[in-house]
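The values are calculated or read from the model by the stated rules, or taken from the named source; none is laboratory data. Treat the numbers as computed from the prediction; the structure is a model and nothing was measured. Here the Cβ is made from the backbone with ideal geometry for all residues, glycine too, and neighbour counts use every protein chain on show. Ligands, DNA and RNA are excluded from the accessible area calculation, which covers all protein heavy atoms including side chains. Shrake-Rupley method; radii C 1.70, N 1.55, O 1.52, S 1.80 Å.
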Amino acid sequence: MIVGAQWGDEGKGKIVDLLAQDSDVVCRYQGGPNAGHTIVVDDDTYKIRALPSGIVRGKPCVIGNGCVVDLEVLIGELDRFPDGEVYLSGNAHLIMPWHLAIDQASERRLGKLAIGTTKRGIGPCYADKAMRLGIRVQDILDAKILRQKIEVALAEKNLWLEKVYESEPFDLETVATQYEGYAQRVRRYVADTSLYVDTALRDGKHVLFEGAQATLLDLDHGTYPFVTSSNPVASSAATGVGIGPRRIDRVIGVAKAYVTRVGEGPFPSEIAGGDQDRMRELGHEYGTVTGRSRRCGWLDLVALRYAVRVNGIDKLALTKLDVLSHFDELPVCVHYRTRDGSETRDFPAHQSDFHAAEPVYETLPGWSEPLDGCATAADLPDAARRYVDFVESELDVEVSLVGTGADRASVLTRAA
Ligand code: GDP
Ligand code: IMO
Ligand code: MG
């Protein structure tokens, strides 16, 4: 089970791609095309939003019931991997055109209070799921049912769009025809994915779960309301695929050696001044889906300790260590100072305490050597090794993988 341990874009796609080599099935269990997972193979860069990243290794891929599916995006990806073996849960919900329109309109209306969503319709789609108004993948299997469901949904959504958001309504005929076309293309992939994964596990196969978004964007455990509308945390993989929680036997958290965040919301270790721009340029920190600049910060061990707790992380993959080459000093946030002046190593449970928390840093020495020549963890410069050891000892969790570059081969395995 691979889970993002920060605010997303930790390099989950790359770690999934690595571990997919030894896996028989790779599953997404939540989220939708708000995700952008990058895999770099020599001169080819794959940016994947809907399919599990295991598709690049040619592994059977599952899109679980907990996901939300934009059929247009999915079809675009299926076209890129025509030989892909893909199993799409009939219980996953469809992101419909009005979800995108409402996401955009509601962000516009929020103005200064906007979440900074990816505007891919994620929140409105999950809201309709919870409201029991959603349209599911299985509904595309019967053209009559699909048309009826679109009609029922539009009766409400068009009112909402016109009267509340002063936006354009959708035409039933146009949407129904469009989705009938999508249905023809996608119906062959629809499957009982819970049964498929259960059978794979019973047959002794290795199943890899790929989290999208991340712990601090989790609807329950993240920095609400500046979160996504699903549960990226590890335990959600069981519900999002339809297996029992005890089937998940190992959780690997992925964290950058620093922190980034896209969109609005509190971010205690965000760097003030020129080092933020430097970090963004060195790390190419621009959104995979939206192209937005990612906010950059120093590594936050309070937040990471929290991610270890709420996911039950057994091992960490620390990515993008190479980006830290060329900084003379590396502040690492080890405590927060709270409103009452005390210090805490534990993530504040309440929003206003978190907003008021001030990071307290310990400064570690930097290194100037690039890491691309390191063939093993032993080749890392002393200061880089000490940086990783420090993370490990502060969190009491093994850092088993270290990322030293974007390419799929640029990762070092550390012995326990
Ligand atoms: P994800 O959403 O968690 O899969 O991460 P993204 O793909 O959105 O963002 C991670 C970015 O960092 C991508 O451009 C990756 O190619 C790149 N990347 C991943 N690991 C490393 C690494 O160890 N070093 C460097 N320099 N880049 C990396
Ligand atoms: P991956 O899987 C980083 C952020 C958005 C916004 C908030 C809500 O590539 O790590 P949403 O569109 O989900 O309603 O937006 O969540 N966000 C991400 N940030 N990486 C992602 O995915 C993200 N998916 C959503 O920027 O702040
Ligand atoms: Mg991403």
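Considering only residues that are assigned to a loop (DSSP other than H, G, I, E, B) and out of contact with any Cys (no Cβ under 9 Å at 6 or more places or on another chain), look in region 82-101 and name the one that is nearest to ARG49 (Cα to Cα).
Of region 82-101, the ones assigned to a loop (DSSP other than H, G, I, E, B) are 82-85, 90-92, 95-96.
The next check asks that each one be out of contact with any Cys (no Cβ under 9 Å at 6 or more places or on another chain); those that pass are 82-83, 90-91.
Numbers: PRO82: 16, ASP83: 18, GLY90: 19, ASN91: 19 Å.
Among those residues, the one meeting the criterion is PRO82.
Quick check: is even one residue across region 214-224 of a type in the set (S, T, N, Q), within 15 Å of ligand 1 (Cβ to nearest atom) and open to solvent by less than 20 Å² (accessible area, probe 1.4 Å)? Yes, some residue in region 214-224 is of a type in the set (S, T, N, Q), within 15 Å of ligand 1 (Cβ to nearest atom) and open to solvent by less than 20 Å² (accessible area, probe 1.4 Å). Checked against (1) in contact with an Asp or Glu (Cβ under 7 Å, 6 or more places away or on another chain); (2) more than 16 Å from ligand 3 (Cβ to nearest atom), SER53 passes all but a single condition, namely (2). Residues being within 9 Å of ligand 2 (Cβ to nearest atom), in a strand (DSSP E or B) and open to solvent by 30 Å² or more (accessible area, probe 1.4 Å) are represented in region 32-54 by at least one member. Listed by position, the helices (runs of 4 or more DSSP H) contained in region 102-194 that have at least 3 residues being under 24 Å from the mean Cα position of the chain (by Cα) are 122-131.
Could you tell me which residue of region 308-328 is surrounded by the most Cβ atoms within 10 Å (Cβ to Cβ), considering only residues that are part of a loop (DSSP other than H, G, I, E, B) and not hydrophobic (A, V, I, L, M, F, W, C)? Out of the qualifying residues, it is LYS320.
In region 195-213, of all residues being touching a residue at least 60 places away in the same chain (Cβ under 8 Å) and either among the small types (Gly, Ala, Ser) or assigned to a helix (DSSP H, G or I) (or both), the one that is surrounded by the most Cβ atoms within 10 Å (Cβ to Cβ) corresponds to GLY211. Among the residues of this structure, LEU364 counts as one that is of a type in the set (A, V, I, L, M), within 25 Å of SER400 (Cα to Cα), surrounded by 15 or more Cβ atoms within 10 Å (Cβ to Cβ) and over 28 Å from the mean Cα position of the chain (by Cα). Is there a residue in region 60-74 that is surrounded by 24 or more Cβ atoms within 10 Å (Cβ to Cβ), part of a loop (DSSP other than H, G, I, E, B), under 20 Å from the mean Cα position of the chain (by Cα) and not charged (D, E, K, R)? Yes.
Within region 307-325, residues that are at positive phi and modelled with pLDDT of 95 or more reach partners that are among the charged types (D, E, K, R) and surrounded by 24 or more Cβ atoms within 10 Å (Cβ to Cβ) with beta carbons closer than 9 Å, at six or more positions or on different chains, in the pairs LYS320/GLU10; LYS320/LYS256.
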